[in-house]
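Have a look at the structure below, then the notes.
The values are calculated or read from the model by the stated rules, or taken from the named source; none is laboratory data. This is a predicted model, so every value here is computed, not measured. As a convention, Cβ positions derive from the backbone with ideal geometry for all residues, glycine included, and neighbour counts pool all protein chains shown.
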Amino acid sequence: MVAANWKLNKNLNDVSSFFEAFNKEKSDVPAIFFVSPILLKSAVDAAAGKVEVGAQNISEHESGAFTGETSAEQVKSANAQWVLIGHSERRQHYGETNEMTHQKLQLAVAKNLKPMLCVGETLEQREAAKTMDVINAQLKEGLKDLKPKDLVIAYEPVWAIGTGKVASVEQASEVHAEIRKTLQSLGLNDTKILYGGSVKSANAAELMQDSEIDGVLVGGASLDASEFAKISNAARESLLGN
Ligand code: PGA
C-alpha cells in the first residue's frame with residue numbers, strides 16, 4: 001500500500017491531469033490520496049476507482065457550530081473512503097491531543113470511513129529514549145476500546161517529516177515491530193503499518209523490502225505524478241516478497 005499526503009498543496013485545476021498521468025504509470029498496488037477537503041470530490045471523480053481518496057483531517061465534532069471544520073459525514077458524502085487522523089502537523093500546529101484523535105477515530109468508524117492513524121516521536125523524545133512511550137500513548141489513548149476493521153497505522157518520526165532525513169531501515173523496522181506488539185495487545189492483529197518521513201523513489205524500495213514495513217506515506221514526493229508512480233512501482237517489487 002502507498003499513500004500520498006498532498007498537505008496544503010494543489011488546486012482544482014491540477015487534479016484531473018495528475019490522475020491521468022499517475023493512473024497511466026502506477027502499479028496495481030493500492031494507493032490512497034489524502035487531499036484538502038475542497039479537492040475531495042474532484043479527486044474521487046478523477047481517480048475513477050483506480051485509487052482511493054481521503055481527507056487529511058476531520059472535526060472531532062459530528063456537526064453544529066464549528067466554523068471552518070469538515071465533518072466525517074461531509075467527507076463520506078464526497079464518496080471518499082479514508083481519513084488521516086493525528087498527523088504530526090495537526091498535533092504540532094493545531095494542538096491535537098490523543099483524546100481528540102480518539103474522538104475523530106470514533107466518528108470515522110461511525111461514518112464508515114477507513115482511518116489511517118499517524119504516530120511518531122520528535123527528535124527530543126527519541127534522544128530521551130521516550131520513542132515507544134510516546135507512540136504507545138498515541139496508540140492506546142487514540143484507539144482506546146476501538147477496533148476499526150480497516151485501520152492502518154502510519155509511523156512518521158517527526159524529525160523525518162519534510163526534512164530530507166529519512167529514518168534508516170533499522171530504525172523504522174525496530175519501531176514497526178514494537179507498534180505491532182502493541183496493536184496485538186489491543187486485539188489488532190492484521191493492521192498494516194506504513195512508514196512516512198522523507199520517502200522518495202530513491203529510498204522507497206529499500207524501506208519496503210523490510211518485512212515490518214507494509215508500505216509508505218509520502219508527502220513532498222507525492223506531488224509529482226511520475227515520482228509517486230515510481231514509488232508505487234517500487235512497492236510492487238518490494239512488497240511481493242513480504
Ligand atoms: P514528507 O511528509 O514525505 O514530505 O516528509 C510525509 C508526511 O508528512 O506524511
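General observations
- Candidate set: the stretch 163-180, residues that are over 18 Å from Lys140 (Cβ atoms) and either away from the ligand (no atom under 16 Å from the Cβ) or hydrophobic (A, V, I, L, M, F, W, C) (or both); chosen: the one surrounded by the fewest Cβ atoms within 10 Å (Cβ to Cβ): Glu170
- Selection from the stretch 70-103 of residues that are more than 20 Å from Ala4 (Cα to Cα) and either away from the ligand (no atom under 16 Å from the Cβ) or part of a loop (DSSP other than H, G, I, E, B) (or both): Ser71, Glu73, Gln74, Ser77, Gly95, Glu96, Thr97, Asn98, Glu99, Met100, His102, Gln103
- Set Glu60, Glu20: member being within 24 Å of Gly215 (Cα to Cα) and either among the charged types (D, E, K, R) or touching a strand residue (DSSP E or B) at 6+ places or on another chain (Cβ under 6 Å) (or both): Glu20
- Residues that are touching a strand residue (DSSP E or B) at 6+ places or on another chain (Cβ under 7 Å), more than 25 Å from Lys149 (Cβ to Cβ) and outside any helix (DSSP H, G or I), drawn from the stretch 171-210: Val199
- Residues of the stretch 112-140 satisfying the condition of being under 12 Å from Gly86 (Cα atoms) and without any contact (Cβ under 8 Å) to a residue 60 or more places away in the chain: Pro115, Leu117, Ile135, Gln138, Leu139
- Number of the exception - Ala137 against (1) under 24 Å from Ser36 (Cα atoms); (2) away from the ligand (no atom under 15 Å from the Cβ); (3) aliphatic (A, V, I, L, M): (1)
- Matching residues in the stretch 71-87 - criterion: being surrounded by fewer than 21 Cβ atoms within 10 Å (Cβ to Cβ) and within 23 Å of Glu141 (Cα to Cα): Ser71
- In the stretch 103-112, the condition of being at pLDDT 95 or above, of a type outside the set (D, E, K, R) and surrounded by fewer than 17 Cβ atoms within 10 Å (Cβ to Cβ) is met by at least one residue.
- Among the residues of the stretch 181-209, those that are surrounded by 18 or more Cβ atoms within 10 Å (Cβ to Cβ) and away from the ligand (no atom under 16 Å from the Cβ) comprise Thr182, Leu183, Leu188, Thr191.
- Condition broken by Lys130, with the remaining ones in (1) in contact with a Leu (Cβ under 6 Å, 6 or more places away or on another chain); (2) surrounded by fewer than 18 Cβ atoms within 10 Å (Cβ to Cβ) satisfied: (1)
- Ala3 vs. criteria free of Cβ contacts under 8 Å to residues at least 40 places away in the same chain and among the small types (Gly, Ala, Ser): no
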